1. In nm, what is the difference between 0.36 nm times the number of residues separating Lys110 and Tyr127 and their Cα-Cα distance?
2. Where Lys and Arg each count +1 and Asp and Glu each count -1, what net charge lies around Ser52 among other residues with Cβ under 15 Å from its Cβ?
3. As an exercise, use a Förster radius of 22 Å and the Cβ-Cβ distance of Tyr49 and Asp19 to find the FRET efficiency, rounded to the nearest 0.05.
4. Setting aside same-chain residues fewer than 8 positions from Lys71, which aspartates and glutamates have a Cα under 20 Å from its Cα?
5. Net charge around Lys99, counting only other residues with Cβ within less than 14 Å of its Cβ (Lys, Arg = +1; Asp, Glu = -1)?
6. So how do Lys110, Lys96 line up by other beta-carbon neighbours within 10 Å, fewest first?
7. How much net charge surrounds Asp19 when only other residues with a Cβ under 12 Å from its Cβ are counted (Lys, Arg +1; Asp, Glu -1)?
Amino acid sequence: MKSNPDDERVTRFADYLVDVYISEEAQYTPEVWAQTSAEPTLTTNACEYFHSHFNSRFYTTHPNIFIFIEKLKEFQLEVYIKLNSINEPFKFQNSKTKKKREKLEKLINKYNSNQIPIDEYESTICYCL
């Protein structure tokens, strides 16, 4: 079984992705767009998270201006609280989640210090998530 189709367009697109986003000489290296974190998230992108979280506050597509302003104030307060508590240690309620995070942190640290190769890192992290 072949690992890629015999289509020149697919090959050109794959080459483009490697050249622009993946290779060491890429215009946007993985350090720019990929974040390694042991934090469990429902989305893989900070922008997706923001929009999902922000949109969940509204029950209509065109809310009243006063409701919109009130929701903005609530959001601002949440951001303010998060920024002020950024240096506080995070307390887990669930021991299973805590163990999972610790395991992910160890794995990330091993990879970042070149103790394990990327293929081992990828296969191991898949089982941790």
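All of the numbers you see were taken from the coordinates with simple rules; none came from a lab. Just so it is clear, the model here is predicted, and its values are computed rather than measured. Cβ atoms come from the backbone with ideal geometry, glycine included; neighbour counts cover every protein chain shown.
1. On the way: separation 17, 0.36 × 17 = 6.12 nm, distance 1.60 nm.
Once the chain is fully extended between Lys110 and Tyr127, it gains 4.5 nm.
2. Numbers: positive: Arg57, Lys71; negative: Glu48, Glu78.
Once positives and negatives cancel, what remains is 0.
3. Working: r = 28 Å, r/R0 = 1.29.
After rounding to 0.05, the efficiency reads 0.20.
4. The qualifying aspartates and glutamates are Glu48.
5. On the way: positive: Lys96, Lys98, Lys100, Arg101, Lys103, Lys106; negative: Glu102, Glu105.
Neighbourhood net charge equals +4.
6. Numbers: Lys110 14, Lys96 8.
In order of increasing Cβ crowding within 10 Å: Lys96, Lys110.
7. Values: positive: Arg12; negative: Asp15, Glu24, Glu25.
Taking every other residue near Asp19 into account, the sum is -2.
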